[in-house]
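The values are calculated or read from the model by the stated rules, or taken from the named source; none is laboratory data. Owing to the predicted nature of the structure, the values given are computational and were not obtained by experimental measurement. Don't worry about glycine lacking a Cβ; one is built from the backbone with ideal geometry, like all the others, and counts go over all protein chains shown. Quick note on the areas: whole protein, heavy atoms, side chains included, nothing else; ligands and nucleic acids left out. Shrake-Rupley method; radii C 1.70, N 1.55, O 1.52, S 1.80 Å.
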Amino acid sequence: MNNKVLDEEIVEQKKYMQKVKSIIKKGFYYIETMGCLLNENDSEKIEGMLVNMGYEKIDDYSKANVAVLNTCCIRENAENRVFGKLGAMKQYKKDGLIIAICGCMPQEKHIVNKMHESYNFVDIIFGTHTIYRFPELLFNVIDTNKKAENVIDIDGQIVEGLPIKRNDKYKANVTIMNGCNNFCSYCIVPYVRGRERSRNIEDIIAEIKELAINGYKEIILLGQNVNSYGKDLNDANSIFANLLYRINKIEGIEIIKFLSPHPKDFTDDVIHAIKECEKVHKVLHLPLQSGSTNVLKAMNRKYTKENYLNLVNKIRTEIPEVAFTTDIIVGFPGETEEDFQDTLDVISQVKFEQLFMFIYSRRVGTIADKMENQIPEDVKSERFTRLKKLADSIVFETGEKYIGTIQNILVDGISKNNDKMLTGRTNSGRIVNFEGKIDLIGQNVYIKIISNHGWYLKGNIAEN
Ligand code: 5AD
Ligand code: SF4
């Protein structure tokens, strides 16, 4: 769809928002978002539309008029959670609850078939390419009491001009591109999010300038493969490094983060931009997946163990204060004990700040799912335990440097494990728990770190 058609489409959808509003007058919505920050950002747009239609947010779906599940399909357990939730929601259909499923799961044919067969009480199904059509679908359900569905697998542009209800006052997610061209052999994302489509650089800059005017200080640039931003635009100015330089100049913005880059697209211009832009956060997420060159080849990652280590060293030479976080998959088909040792070796050498670790999960439709040398579950989980043990010790080791330092923390809320403590994160993403009054939530405070507990730190509010 070209820009003009899309603009007309948004005007059309805004009319549907008005129609819903005039019918319902007032209502409540519940929304649950699974998966990555891209889904979070899509949910903020869905919430923006719901608020425009006259709905108010509620935390309890049993009291809601509309419940939206924005789903993820990256691993099997994410999908199982959705089916469990639907089962629990079914009983409230009798009170008129409208249930909508969106996000990545509806982009899988076998999932939509399963919905039709076993979960036919779901009212609205839409995918990742058509979130802007939600008002029309909701209107149809309210108006006709029939089900509404819109799932297409044609890559749409990222829609501009949708209302958005941001969940945070200081931090804002900004999607810069959607889709992925990499086809890592284990990953379902290219099948459910389509090919890479980058937003126009001027639209991104305009959105961030407006966020700055509204008091936002931290920007998180989102995409499945952010550092290949712009490759589809064929414009020398619309490249990732340039985007960083331009955002760095926007007054009011203090921190720029991005998720997720791919090691193969970490070109010198991107490294220089990170170095030269003082606002760009110096903790980089660099997904390793595996430390074994053989496994990386089978994963279609397009780098070797040596390439990855050289990249880390190159970035460290350019930017000495840099720290790294990563994603690891254990138990990919064909992974031998020797391959696994290579993963442990890279982790020991790089000494990551944080590691996100996953047991390989078979995804229907991917290349790796068809490989014959699948690893037995007990071997996968035994390796995961060893991986976790090494990660615990590395995270403890990299946590020691915080003791005695003063950290500027944006207070996120009450600690999950101790309701007498508040919690927030350091600039490097490490959790910090400390005692404080509840009204500090949402504010920035200075915390002196007093102890290191590995995955979290403890501190006290600094006197001055
Ligand atoms: N099984 C396990 N982990 C996966 N990831 C992606 N696909 C799979 C899968 N099939 C992990 C990768 C990716 C992160 C977002 O999820 O580590 O970087
Ligand atoms: Fe999946 Fe690989 Fe694309 Fe990341 S880069 S979304 S892991 S295919």
Simple label model, 7 Å out from Cα along Cβ direction - residue 118 to residue 235, nm:
4.7 nm
Please list, or write none, the lysines whose alpha carbon is within less than 25 Å of the alpha carbon of residue 15, excluding same-chain residues fewer than 8 places away.
4, 25, 26, 45, 57, 146, 147, 165
Convert each backbone phi in the stretch 362-371 into a coupling constant with the Karplus relation 6.51 cos²θ - 1.76 cosθ + 1.60 (shift: θ = phi - 60°), then list the ³J(HN,Hα) values in order as whole Hz, x for Gly and Pro.
5, 10, 4, x, 8, 4, 5, 5, 8, 6
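Using only the Cα atoms of the stretch 140-219, what semi-axes does the equivalent ellipsoid have when each is the square root of 5 times a gyration tensor eigenvalue? Give whole Å, largest first.
On the way: eigenvalues 148, 100, 30 Å².
Over the Cα atoms of the stretch 140-219, the semi-axes work out to 27, 22, 12 Å.
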Reachable lysines from residue 388, criterion Cα separation under 16 angstrom, eight or more residues apart if same chain:
351, 380
Between residue 88 and residue 206, what FRET efficiency comes out of the Förster formula 1/(1 + (r/R0)^6) with R0 = 41 Å and r the beta carbon distance, rounded to 0.05?
0.50
Please give the peptides 374-385, 326-337 ranked by average Cβ packing (other Cβ atoms within 10 Å per residue), highest first, as a rough proxy for protection.
326-337, 374-385
The stretch 42-119 to the stretch 140-189: how many Å between their Cα centroids?
14 Å
For the Cα atoms of the chain, what angle does the longest principal axis make with the long axis of helix 37-52, in degrees from 0 to 90, nearest 10?
30 degrees
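Can you work out the accessible area per residue across the stretch 403-461, with the rest of the protein chains kept in place, probe 1.4 Å, in square angstrom?
56 Å²
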Modelling each spin label as a point 7 Å along the Cα-to-Cβ direction, I'd like the residue 95/residue 463 distance in nm, to one decimal.
5.3 nm
Gain in span if fully extended, residue 348 to residue 152, counting 0.36 nm per residue against the direct Cα distance
66.1 nm
How do 47-53, 16-22 rank on mean C-beta neighbours within 10 Å, highest first?
47-53, 16-22
Over the stretch 168-281, how many percent of alpha carbon pairs lie in each 5 Å bin up to the one with the longest distance?
2, 12, 23, 24, 19, 11, 6, 1, 0
Sites residue 255 and residue 389, calculated FRET efficiency, Cβ-Cβ separation with R0 41 Å, nearest 0.05:
0.80
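Give the percent of DSSP beta bridges with both residues in the chain that are antiparallel, rounded to the nearest 5. All intermediate terms of the calculation are to be shown ahead of the outcome.
Values: 20 of 64 bridges.
Here the antiparallel bridges make up roughly 30 percent for the chain.
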Determine, for each peptide in 444-455, 98-109, the mean count of other beta carbons within 10 angstrom over its residues, then list the peptides with the highest first.
98-109, 444-455
Net charge dipole size for the chain [Lys, Arg +1 and Asp, Glu -1 on Cβ; Debye, nearest 20]
840 debye
The chain, accessible surface, carbon-and-sulfur percent (1.4 angstrom probe):
50 percent
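For the stretch 3-150, with every protein chain kept in place, what is the accessible area per residue (1.4 Å probe, Å²)? Display every interim value, and only then the final one.
On the way: 6560 Å² over 148 residues.
In whole numbers, the stretch 3-150 has 44 Å² accessible per residue.
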Under a crude label model (7 Å from the Cα following the beta-carbon direction), how far is residue 370 from residue 297 in nanometres?
2.0 nm
